[in-house]
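Notes to accompany the following structure.
The values are calculated or read from the model by the stated rules, or taken from the named source; none is laboratory data. No experiment lies behind these values; they were computed from the predicted model shown. No Cβ is skipped: glycine too gets one built from the backbone with ideal geometry, and neighbour counts run over all protein chains shown. To get the accessible areas, we keep the full protein, side chains included, count just its heavy atoms, and leave off ligands, DNA and RNA. Shrake-Rupley method; radii C 1.70, N 1.55, O 1.52, S 1.80 Å.
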Amino acid sequence: MTDERTDDYIMCDTPEKIQLFRLLALKASLKLEIKTGMRRRGRSSYAIIKEEFGFTGGKKKVLQQFEDFLKETYNMEEE
């Protein structure tokens, strides 16, 4: 996947890139939930990911399953 990149931003100008950005935001939000216990308003990222992808288990297990899904689907390596 190629993106128009500069030092300041990444252009997400297609539906696929917008969807990928959303998934990466959910992943970051779930990591924050695990690390600090903080949650976003409304439903937690954990609940959203479990419902949309059918993952089971606790937060850490769901995060690992979600990261594996992103690696397989989008050929992404962990940061």
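The charge dipole of the chain, taken about its Cα centre with unit charges on the Cβ of Lys, Arg, Asp and Glu (plus for the first two, minus for the last two), comes to roughly 760 debye. With angles folded into 0 to 90 degrees, how steeply does helix 59-74 sit against the dominant principal axis of the chain? Use alpha carbons for both and round to 10. The angle comes out near 30 degrees. Dimensions of the chain along the principal axes, based on C-alpha atoms and rounded to the nearest Å, stand at 36, 26, 22, largest first. Heavy-atom accessible area, probed at 1.4 angstrom with all protein chains present, ranks TYR74, TYR46, TYR9 as TYR9, TYR74, TYR46, highest first.
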